[in-house]
Amino acid sequence: MKRALVISIVVLGILVVGAVGHAAEPKVTLLPEAQVRTDRPVTVGDIAKIDGPKAVSQKIGQVVVTGAPLPGGKRSIESEYVKLKLGSAGFGDVKLVGAARISLTGKCRRVSPKVLEDAIKDYAMGLLPQSSLTYEIEVERSPREMVLPDDASIEIKPRLFGPTIHVGVNTIAIDALGSGRAICTTSAVLRIKSTAVVLVAAETIAQGQALTAQNTKLEARDVTRLKDPILAGAAGDANWVARRTLQAGSVIGASDVALPPDIRAGDQVTLSVKCGAVAVRTGAEARQDGRIGDSIRVRSSVSNDEVRARITGPGAVEIVR
């Protein structure tokens, strides 16, 4: 009876020890797919579920298997390769189960072309001068998608390729900055159009004709390609006349108009001739249009000769000798 009891206890002890040893044996279950960090090598802990004592499991999990793929990149490894790596690290007796092949994908942050377009439009708009112009920005060439490391600290920052931004075509670079350096760069081409409320000919205006509220109007127009359109704020009450014939519907530029002359050809004027403290006044006829300060030809009513005199005021010219 005692012998049977001893045998039973020994057998039970063997079973218990065997059960404990089996439970304590680490088990590594390989996953079929895993997203892994791209800033360090891939470890067993990245690609498997590890069961076993905590200390041993942590060490197994730290075993390096392979290099990291690029952000968004893919790579696959075989379970046999993982087994060799575990054996090299001293864990050859680990129970390895699960997927025969593991597909690795580098964790990434994707920045779409639409998000980049919005960023560069805001950037360009902030650089344009604040004025009475209204700007419209079109993307002629979109930036490519940015595939970045999964790091929220990475900053998207546009910059100009040229020295300044301008109406027309501009190329904008977009950098992804991490730790103060560019880790990825793309670019886009923008076309900037400008519109403004400008002075427009409401009807055909002949050369020399005065511009009035009846023959002009204010309209919003695309002025991207215009050099000197007269903006609404500059139109005011200026007494302009047309330098050339202006067609109905055309935008009127500063070079298209002039202020009316203070003296017109054919006007009778007072000619003053000054010589030291002596001044002689006589009548004369203007032979040219001109404004105050201009030098024009006049014909003296005394000598009938043409001389040049400076306009000093409405109907007055003088010669200083």
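The values are calculated or read from the model by the stated rules, or taken from the named source; none is laboratory data. Quantities reported herein were computed from a predicted structural model and do not represent experimental measurements. When we count neighbours, we look across all protein chains shown, and the Cβ atoms used for this are built from the backbone with ideal geometry, even at glycine.
Here are a few things to note about the model shown:
- Filter result for ALA119 (touching a residue at least 12 places away in the same chain (Cβ under 8 Å) and in a strand (DSSP E or B)): no
- Within region 89-112, the only residue that satisfies the criterion of being surrounded by 14 or more Cβ atoms within 10 Å (Cβ to Cβ), more than 25 Å from ASP39 (Cβ to Cβ) and of a type outside the set (A, V, I, L, M, F, W, C) is GLY98.
- Test result for GLU219, at pLDDT 95 or above, in a strand (DSSP E or B) and acidic (Asp, Glu): no
- Test result for ARG181, among the charged types (D, E, K, R), under 29 Å from the mean Cα position of the chain (by Cα), assigned by TED's automatic domain parsing to the domain that holds ASP151 and at pLDDT 90 or above: yes
- Odd one out for PRO129, checked against (1) exposed (fewer than 12 other Cβ atoms within 10 Å of the Cβ); (2) free of Cβ contacts under 8 Å to residues at least 60 places away in the same chain; (3) not assigned by TED's automatic domain parsing to the domain that holds ALA173: (3)
- Restricting region 222-231 to residues that are surrounded by fewer than 18 Cβ atoms within 10 Å (Cβ to Cβ) and touching a residue at least 40 places away in the same chain (Cβ under 8 Å), the residue that is nearest to GLU203 (Cα to Cα) is LEU231.
- Region 168-221: number of residues that are small (Gly, Ala, Ser), within 20 Å of LEU133 (Cβ to Cβ) and surrounded by 15 or more Cβ atoms within 10 Å (Cβ to Cβ): 2
- Residue that is surrounded by 12 or more Cβ atoms within 10 Å (Cβ to Cβ), at pLDDT below 95 and either over 52 Å from the mean Cα position of the chain (by Cα) or not basic (Lys, Arg) (or both), where the choices are THR29, THR38, THR66: THR38
- Considering VAL280, VAL251, the condition of being among the hydrophobic types (A, V, I, L, M, F, W, C) and modelled with pLDDT of 90 or more is satisfied by VAL251 alone.
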